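These notes concern the structure reproduced below.
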Amino acid sequence: MLRIVAYHRVAEFNGNPAVDNRSISATPSAFREQMLHIARHYRCVSMSELLDAIEGKTRLPRRSLLITFDDGYADFAEIAWPILKRFRLSATVFMPTAFADHPEFAFWPDKLYQAFRCTLRTRLANTPLGPISLATREERERGLWALQNYITTIAHHEGMRLVDYLCAELCGTRTMRGSVLSWNQLRQLARDGVTIGSHTRTHPILTRITPDQVREEIKGSQEDLKREIGEALPIFCYPNGNHNDSVAAILKEQGIKLAFTTIPSGNELEATDLLRLGRTCITPRSSLAIFSARLQRLGMQVDEWRHRKLKQALTQTFPQNQYA
């Protein structure tokens, strides 16, 4: 069985006021412990080794594990990669290619986070979820999280229009800024042995855009990687994990051989759909004991059950827009 772990950011809380703390997967000290555990108990494989295995050129060793990072946040180069190098562990960074070299672009959850953080308002009167109080920090966080969850359930263009409206209501014309790796950093990481993979160009939820837009996001991101990095492996990571049969069919049409979800399951390569590979998404709640347990078969089964419950809860909360 191939285990795959997924991270977003390795950082201290409140270390970067431009980025939502919910994108932090582990603090540097926790990440160091987790990587030591992997180095001691698993065989960390590279993406190239995995591709060779599915093509029958080699076999994966026992207790194989793949380390992945989504979104290409800048702190991967600053914090995570030095720790990975220390333990001689390989990793793959899935990059939304339109954001590199454009600090004026920010992921929409981060834009909302910055807007909720900077506003002086104490109430948002007009939202799809009704009035939202901003009087206390706890109320702001609840309102932010509720809106972020809601936006994942509606058409992408509607969601981005809502994000722009909310940011303007909260902070006027203030520009929200991103914090992702530059192309120079990505090229250096690739030279150091990090695999850079496709995560679309602009990071839309693919089940909330048209098939033609899905096709352009996939094709465009692969072309960006070939132009800037020199190669684009036939690998892809679904933004937010959202996918369906139509999206998977377009990936296959575009020559993608491996695609990564956020479904917390192990992967028996002979039996697993290679365009729906499961990953264990790490969160700050994962103490070392919990981290270890989640990599076991029983832990993955528990995670998968919790994932189904969350999906059902979102569907019940937003019945007019089925969560995909």
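Among Leu65, Leu298, Leu269, which one moves the most in a GNM of the chain with springs linking Cα atoms closer than 10 Å?
Between Leu65, Leu298, Leu269, it is Leu298 that shows the largest mean-square fluctuation.
Helix 183-192 versus the longest principal axis of the chain: what is the Cα-based angle in degrees, 0 to 90, to the nearest 10?
Rounded to the nearest ten degrees, it is 20.
How many lysine pairs does the chain hold where the Cα atoms are under 23 Å apart and the two sit 8 or more places apart or on different chains?
Details: Lys57/Lys252; Lys57/Lys257; Lys219/Lys252; Lys219/Lys257; Lys226/Lys252; Lys226/Lys257.
Step by step, the pairs that qualify in the chain add up to 6.
Helix 156-171 versus the longest principal axis of the chain: what is the Cα-based angle in degrees, 0 to 90, to the nearest 10?
50 degrees
In nm, to one decimal, how far is the Arg174 label point from the Glu158 one, both placed 7 Å along Cα→Cβ?
About 2.9 nm, to one decimal.
Classify the range 1-150 as rounded, prolate or oblate, taking a ≥ b ≥ c as the square roots of the eigenvalues of its Cα gyration tensor: rounded when a/c is under 1.5, otherwise prolate if a/b is larger than b/c and oblate if not.
prolate
Short version: ³J(HN,Hα) in whole Hz for each residue of the range 118-133, in order, from phi by Karplus 6.51 cos²θ - 1.76 cosθ + 1.60 (θ = phi - 60°), x for Gly and Pro, what are they?
8, 5, 9, 6, 10, 7, 9, 7, 10, 9, x, 9, x, x, 10, 7
Tell me the volume per residue, in Å³, of the convex hull enclosing the alpha carbons of the range 110-245.
Residue-normalised Cα hull volume stands at 134 Å³.
Taking Rh as the Kirkwood radius computed over C-alpha pairs, what is the Stokes-Einstein D of the chain at 25 °C in a medium of viscosity 0.890 mPa s, expressed in µm² per second?
The diffusion coefficient I find is 121 µm²/s.
Please list 37-50, 250-263 highest first by mean number of surrounding beta-carbon atoms within 10 Å per residue.
In decreasing order of mean packing, 37-50, 250-263 become 250-263, 37-50.
Which whole-Hz couplings ³J(HN,Hα) result when phi for each residue of the range 202-211 is put into the Karplus expression 6.51 cos²θ - 1.76 cosθ + 1.60, θ = phi - 60°, listed in order with x for Gly and Pro?
3J(HN,Hα) across the range 202-211, in whole Hz: 10, 6, x, 6, 5, 7, 10, 10, 6, x.
Rounded to the nearest 10 degrees, what's the angle between the helix 297-317 long axis and the longest principal axis of the chain, both from Cα atoms, 0 to 90?
The angle comes out near 30 degrees.
Which GluC sites (Glu not before Pro) in the range 99-144 sit in a loop by DSSP (not H, G, I, E or B) and have at most 13 other Cβ atoms within 10 Å of their own Cβ?
In loop regions of the range 99-144 (DSSP not H, G, I, E or B), the sparsely surrounded GluC sites (Glu not before Pro) are Glu104.
Short version: ³J(HN,Hα) in whole Hz for each residue of the range 231-243, in order, from phi by Karplus 6.51 cos²θ - 1.76 cosθ + 1.60 (θ = phi - 60°), x for Gly and Pro, what are they?
7, 9, 5, x, 10, 7, 10, 6, x, 6, x, 6, 7
Out of Tyr150, Tyr238, Tyr165, any idea which swings most in a Gaussian network model of the chain, alpha carbons joined below 10 Å?
Tyr165
State the antiparallel share, in %, of DSSP beta bridges confined to the chain, rounding to the nearest 5.
Looking only at bridges with both residues in the chain, the antiparallel portion is about 15 percent.
What shape does the range 22-65 have by the C-alpha gyration tensor, where a ≥ b ≥ c are the square roots of the eigenvalues, rounded means a/c under 1.5, and otherwise prolate means a/b greater than b/c and oblate the rest?
Oblate, because a/c is 1.5 or more while a/b does not exceed b/c.
What ranking, highest mean first, results for peptides 195-201, 2-8 when packing means the other Cβ atoms within 10 Å averaged over each residue?
Most protected by this proxy first, the peptides run 195-201, 2-8.
Bear in mind these aren't lab numbers, they're just calculated from the coordinates by the rules spelled out. Predicted model, so just to flag it, every value in this text is computed and none were measured. Glycine also receives a Cβ, built like all others from the backbone with ideal geometry; neighbour counts cover every protein chain displayed.
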